[in-house]
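Presented below is the structure to which this report refers.
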Amino acid sequence: MNTFINKSKKTKVLSCVAAAAVTFVMTAAPVFAAESSGRNVKDETVYVVTESDGSTSDIIVSDHLKNKASTDTISDTTSLTDIENTKGKEKFTQGDNDTITWAAKGKDIYYQGKTDKEAPVSMSVKYYLDDKEVAGKDLEGKSGKVRIVISYENNETVNVNGSDVKVPFVVLTGMIIENDCFENITVSSGKVIDDGEKSFIVGMAAPGVAESLGLSESELGFGSTVEITGDADEFTPEDLMTVVTNDFFQDIDTDKLSSMDPDGQIKELDSAAKELMSGTNTLYAGIHKLSTSSAALSTGVSKLNKGASDLSLNFADALSGSLGLEQGTAEFSEALSTNLEKMKTGVAQLSEGSSKLTTGAADLKTAFDTGDGTEENPGVLAVSDSIKNGVADLQDGIVKAKGASLQYLNAAKDALEGLKTAGEITDEEYDSITGAIDKSIEYQNMIAVPETLIAGTAGLDSGLNAIYTEITVGDGTEENPGLVKGTAAVQAGVAGLQKGLDDATAETKSLTSIANEIAAGAKKLAAGQTKLAAGAEELAAGMSQLSDNSGLLISGINQLDAGSKTLNEGMQKFYQQGIAKIVSLYNSELKGTVNSADAVIKAGKQYNTFTQVPDGMDGSVKFIYRTKVAD
C-alpha cells in the first residue's frame with residue numbers, strides 16, 4: 001500500500017478520496033443488494049496508480065470478505081498474487097482452480113494482493129498552459145490559463161441477450177487545490193465547491209454509456225471527458241483522485257423496465273387519439289344535423305302535445321267502461337243463481353210427486369182427484385205448471401243477463417288492449433284476463449240448458465195428461481196397460497228434467513267461476529287504468545310545458561352546435577400539433593432506447609468483481625485511481 005499512499009501526502013490523499021466519496025453518495029446513494037441478501041459478500045476495492053499522463057504503473061487489489069453467516073471457514077476464489085492478511089492473523093490454504101480457504105472463525109477477512117490485469121477504464125491526462133500542451137510537472141510554479149483535460153476509455157464489455165454491451169461505469173475525478181494559486185475555476189459535467197481557502201473540484205463522466213444507449217454524449221448530458229480550467233498564480237499541482245464504479249446500477253429493478261412495451265404504447269396513444277378525433281368529428285356532425293332540423297322538432301313537439309292531451313281524455317273513458325264491467329258481471333252471476341234456485345224447488349216437488357207414482361196408480365189417481373189448487377194441496381198438474389213457469393223465468397233472466405254481459409265484456413277487451421299498448425299490464429296479465437273474457441262470451445252455450453229444461457217440462461206435461469186420461473180406463477193390467485205407459489212417460493220426463501237441471505247447475509258453477517275471474521280482472525283493470533290515467537295526465541302536463549319551452553330548447557341546441565364545432569377543431573389541432581409530433585419524435589429518435597437501457601443496466605448488474613467471486617457469494621467492486629500530476 002505504501003506505493004499507493006506516501007506518508008508525506010497521506011492527509012491530502014485521504015481528503016481527495018473522502019471528497020470523491022461524498023460526491024459519489026450525493027450523486028446516487030444506492031443501497032446495494034449485496035448488503036441485504038444474507039449471503040457472504042466479497043467487497044473489492046482496486047487501487048490503480050497512474051503516471052501524470054494517466055498510464056497505469058501499478059494495481060493493488062484489496063478484498064473484504066464479509067462473513068455474514070459467521071462461518072468458521074470462508075471459501076474464496078481469486079487470481080491475485082502476493083496475498084497477505086491486512087487485518088488479522090487468519091491463515092488461508094491454497095486449493096485448485098484459484099480457490100483459497102480462510103480459517104475465519106466467524107470473523108471477516110481483509111486481504112490484498114497484486115495483479116497484472118488491466119483496469120476496465122483507462123485514463124489519458126493532458127495539461128495546457130495558455131493553450132499550449134505541457135507536461136504535468138511543467139505546470140509547477142507557473143502562472144497563466146491552466147487547462148487539464150482527462151479522457152476515459154471503457155474497455156469492459158459483457159454479453160447481454162447475445163450482444164456485447166459496455167459495462168456502465170460512472171467516473172468521478174476530484175482535486176483539492178489552494179485558492180491562492182488557482183482561481184476562477186470551471187469544470188465540465190461537474191461542480192466546484194469553494195470554502196474560502198481551498199476549492200474542491202469534481203467532474204463526472206460515463207465512458208461508453210451513451211454509445212450503448214444509442215445516444216450522443218450531448219444528449220446523455222455527460223460523456224467520456226472532464227475538463228478543468230482556471231487562472232493559475234505560481235501554480236502548485238495536486239494529485240488527481242478518481243473513483244470508478246458500477247454500483248449505481250446494482251439495485252435498479254429491470255423487471256418493470258423489461259415488461260415495458262413503448263412501441264405498443266406509442267401505437268395505442270396514436271390510435272386512441274385518432275379515435276377521439278374521429279369521435280369529436282362525428283359528434284359535431286350529429287349535433288349540427290340536429291340544429292338544422294330544429295324547426296321540424298318544434299312542429300313535432302306541438303303535435304305530440306296535442307296527442308298527449310287526447311290520450312288523457314281517452315283513458316278516462318276506458319276507466320268508466322272497466323268499472324261497468326265489474327258491476328255487470330256481479331249482476332249476471334246473481335240473476336243466474338236466483339233462477340236456478342227456483343228450478344231446484346220445482347224439481348224437488350216434482351220428484352216427490354213422481355215417487356208417489358211408483359207406489360201405485362191408486363195414489364196417483366188420488367193426487368189427481370184430491371188436488372184443489374191450494375198451497376197445501378196444489379195437485380200434480382199445478383206443480384207441473386209451476387215448473388214450467390220457473391223454466392220460463394230462468395230462460396228470460398239468462399237472455400237479459402247475457403245481453404248486458406256481452407256489452408261490458410267487449411268494452412273490457414278494448415280497454416285491456418289500450419293498457420297493454422301503454423305497457424301498464426304485462427303480456428301474461430293480458431292473456432289471462434282476455435282468456436277469462438273469451439270463456440264468458442261462451443255464455444251463449446247456456447241457451448241449450450233452458451231448452452232442455454223446456455223439453456223436459458213438455459214431456460212431463462204430456463205424460464201427466466196421458467196418465468190422467470188413462471187412469472179412468474186403465475188399471476195397469478196386461479189387458480189395460482195405459483196407466484203403466486203414462487207412468488213410464490212421467491218418469492222419463494222427470495229423469496230428463498233432472499239431468500237438464502244437473503247440467504245447468506254444473507255449467508252455472510263454471511260460469512260463476514268465470515264471472516268471478518272477470519270481476520277480479522276488471523278490478524285489476526280498473527286499478528291499472530286509474531294509474532295509467534294519472535300518468536297520461538302527467539304526460540299531457542309535461543308535454544304542455546315542453547311545448548311552452550321549445551324555443552329555449554332550440555336555442556340550447558344551436559349553442560351546442562357551436563360548442564361541438566369548437567371542440568372538433570380543437571381536437572384536430574391537438575392531434576396534429578401534439579400527439580402526431582410525439583409519435584414522430586419517438587419513432588425518429590427514441591425508439592429502441594428503452595431496450596438499450598435495459599441491456600445497459602443488466603450489464604452493470606453482471607459486473608461485480610475485478611478478480612473472481614465464488615459461487616454462493618455476492619460481490620461488489622469499485623476502482624480508485626491516483627494520478628501524480630507532478631513528482
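Throughout, read-outs are computed from the coordinates displayed, never taken from laboratory work. Computed from a predicted model, the values in this text were never measured in an experiment. Glycine also receives a Cβ, built like all others from the backbone with ideal geometry; neighbour counts cover every protein chain displayed.
What's the extension gain from Lys137 to Lys87 if we count 0.36 nm per residue and subtract their Cα-Cα distance? Numbers along the way, then the final one.
Details: separation 50, 0.36 × 50 = 18.00 nm, distance 3.65 nm.
Residue separation times 0.36 nm, minus the Cα-Cα distance, leaves 14.3 nm.
Under the √(5λ) rule applied to the eigenvalues of the Cα gyration tensor, what semi-axes describe the equivalent ellipsoid of the range 162-243? Give them in Å, descending. Intermediate results must be reported in sequence, preceding the final value.
Details: eigenvalues 194, 27, 16 Å².
Largest first, the range 162-243 gives 31, 12, 9 Å.
The H on the amide N of Asn179, modeled in the peptide plane, is under 5 Å from the matching H of Lys198, Ser199, each at least 5 residues off or on a different chain.
Derived scalar couplings between HN and Hα for the range 270-278 equal 5, 5, 5, 5, 5, 5, 5, 5, 5 Hz in order, rounded to whole Hz, by the Karplus curve 6.51 cos²θ - 1.76 cosθ + 1.60 (θ = phi - 60°), x for Gly and Pro. Multiplying the residue separation of Asp427 and Asp180 by 0.36 nm and removing their Cα-Cα distance gives an extension gain of 78.5 nm. For the range 147-157, 3J(HN,Hα) computed residue by residue from phi via the Karplus equation (6.51, -1.76, 1.60; θ = phi - 60°) reads 9, 10, 10, 10, 10, 10, 10, 8, 9, 10, 10 Hz, glycine and proline entered as x. Net charge in the neighbourhood of Ile150 (other residues with Cβ under 12 Å of its Cβ; Lys, Arg +1, Asp, Glu -1) is -1. Its residue count N fixes a reference of 2.2 N^0.38 Å for the range 44-114, and the Cα radius of gyration divided by that reference is 1.25. For the listed residue pairs Lys605/Lys628; Lys105/Lys602; Lys289/Lys573; Lys166/Lys267, the alpha carbons are over 27 angstrom apart in Lys605/Lys628; Lys105/Lys602; Lys166/Lys267. Checked against a 28 Å cut-off, the cross-linked pairs Lys66/Lys117; Lys107/Lys622; Lys142/Lys191; Lys87/Lys137; Lys68/Lys622; Lys68/Lys191 give Cα-Cα distances beyond that limit for Lys87/Lys137; Lys68/Lys191.
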